[in-house]
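Each reported figure results from applying straightforward, stated rules to the coordinates on display, with no laboratory input. The model shown is predicted, which means the values in this text are computed figures rather than measured ones. Methodologically, a virtual Cβ is constructed for each residue, glycine included, from the backbone with ideal geometry; neighbour enumeration extends over all protein chains shown.
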Amino acid sequence: MEAQEYLLKHSQKLSEEYPGKYVAVVSDRVIAASRSAMVAFKEAKKKFPEGEIAIFYMPTDEETMTLL
């Protein structure tokens, strides 16, 4: 499963677990999470130096309401 597919299938759960954070996803796993995209990426790169890492931001409830 690609990272984007994983995000679409699990977006509700991820947004509940990681509000206001960037998550680093490799295939179908969250590898790292941080308030900084760069920190999440660096942590994931340490664990999976050859993996394709996707970074996604999980908005807070307040941010999601603003978008509506």
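Using helices alone, what [θ] at 222 nm do you get for the chain, with -39,500 (n - 2.57) per DSSP H run of 4 or more residues, divided over all residues and rounded to the nearest 500?
Computed ellipticity for the chain at 222 nm equals -14500 deg cm²/dmol.
Tabulate in residue order the Karplus-calculated ³J(HN,Hα) for the stretch 19-24, using 6.51 cos²θ - 1.76 cosθ + 1.60 with θ = phi - 60°, rounded to whole Hz; enter x for Gly and Pro.
So the J values, rounded to whole Hz, are x, x, 10, 8, 10, 9.
Would you mind ranking L14, L8 so that the residue whose beta carbon has the fewest other beta carbons within 10 Å leads the list?
Lowest count first: L8, L14.
Looking at the chain, what % of the alpha carbon pairs are farther apart than 13 Å?
60 percent
So what is the relative contact order for the stretch 3-67, in percent, with contacts set as C-alpha pairs under 8 Å and at least six apart?
34 percent
Pull up all non-local amide H partners of I31: gap of 5 or more, or a different chain, and H-to-H distance under 5 Å with H placed in the peptide plane.
A24, V25, V26
Go through the stretch 1-47 and name the GluC sites (Glu not before Pro) that are in a DSSP coil and have 14 or fewer other Cβ atoms within 10 Å of their Cβ. Present the calculation step by step, with values, prior to reporting the outcome.
Working: sites: E2, E5, E16, E17, E43; in loops: E2.
In loop regions of the stretch 1-47 (DSSP not H, G, I, E or B), the sparsely surrounded GluC sites (Glu not before Pro) are E2.
Test of the criteria: in the chain, which trypsin sites (Lys or Arg not before Pro) are in a DSSP loop and have at most 16 other Cβ atoms within 10 angstrom of their Cβ?
Numbers: sites: K9, K13, K21, R29, R35, K42, K45, K46, K47; in loops: R35.
The qualifying sites are R35.
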